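**Q** This is the structure I want to talk about, given as structure tokens.
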Amino acid sequence: VASGATIANSGTATGFGSSAVLRVHLSADEALTKNVSEQCKFDVEDFDTQGWYDNTTNFRFTPTVAGYYYVFTKINFAGTTQANSCFVSILKNTTVTAESYKTLSSGAQHSFTMADTVYLNGSSDYVEVWGESGANGSPIFDAVPAYSDGDGCFMTIFKVD
């Protein structure tokens, strides 16, 4: 039980903190430039219990309560015409906290999933997801992969402590 938490005889609970749960996804394919790291601009909020995600300007999660947050993302790449490397990164502010790398085959779709737990100070810290493709062709963040009816690119975050 959190320090200072109380439960009144009426059942009212106070001092337990606020829950923060977020899920956002990409509504349409996002074109990439070869060998350039680019932000995945998740523009649709499936839910954002605290209103801490900016889905129109900065495309980042900036909580106003300090704590540890679990971040999970899935990114799907498509549109390549040669085998080459791709990266996906979770960033806290401008620093990579987790990164995944794959060598992709030509013309294939590839999904990355990754997670990290980060401490955010509740005022200026934020989380973003970035990716990069080194392949020729027309690489994209694939919003709805041909092999799936689900979201090809999404992020979910929840406060763990």
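**Q** How much net charge surrounds Leu91 when only the other residues with a Cβ under 11 Å from the Cβ of Leu91 are counted, with Lys and Arg +1 and Asp and Glu -1?
**A** Spelling it out: positives minus negatives among the neighbours equals -2.
**Q** On to the next question. Measure off, as a whole percent, the carbon and sulfur share of the 1.4 Å-probe accessible area of segment 37-161, all protein chains present.
**A** 48
**Q** Would you list which aspartates and glutamates come within 14 Å of Lys34, measuring only between C-alpha atoms, while excluding same-chain residues fewer than 8 positions from it?
**A** Cross-link targets: Glu132.
**Q** Excluding Ala20 itself, calculate the net charge of residues whose Cβ lies under 15 Å from the Cβ of Ala20, where each Lys or Arg counts +1 and each Asp or Glu counts -1.
**A** -3
**Q** I've got another one for you. Run down the aspartates and glutamates and flag those whose C-alpha is under 13 Å from the C-alpha of Lys92, throwing out any fewer than 8 positions away in its chain.
**A** Output for Lys92: Asp116, Asp125, Glu128.
**Q** For segment 124-129, what does the Karplus curve 6.51 cos²θ - 1.76 cosθ + 1.60, with θ = phi - 60°, yield as ³J(HN,Hα) per residue in whole Hz, taken in order and with x for Gly and Pro?
**A** Once rounded to whole Hz, the list reads 10, 6, 8, 10, 9, 10.
**Q** For Leu32, what charge total do you get from the other residues with a beta carbon under 14 Å from its beta carbon, if Lys and Arg give +1 and Asp and Glu give -1?
**A** Here the count lands on -3.
The values are calculated or read from the model by the stated rules, or taken from the named source; none is laboratory data. Since the structure is predicted, the reported quantities are computational estimates derived from the model, not experimental observations. Every residue, glycine as well, gets a Cβ built from its backbone with ideal geometry; the counts of neighbours run over all protein chains shown. Side chains are part of the model used for accessible areas, which takes the heavy atoms of the whole protein and leaves out ligands, DNA and RNA. Shrake-Rupley method; radii C 1.70, N 1.55, O 1.52, S 1.80 Å.
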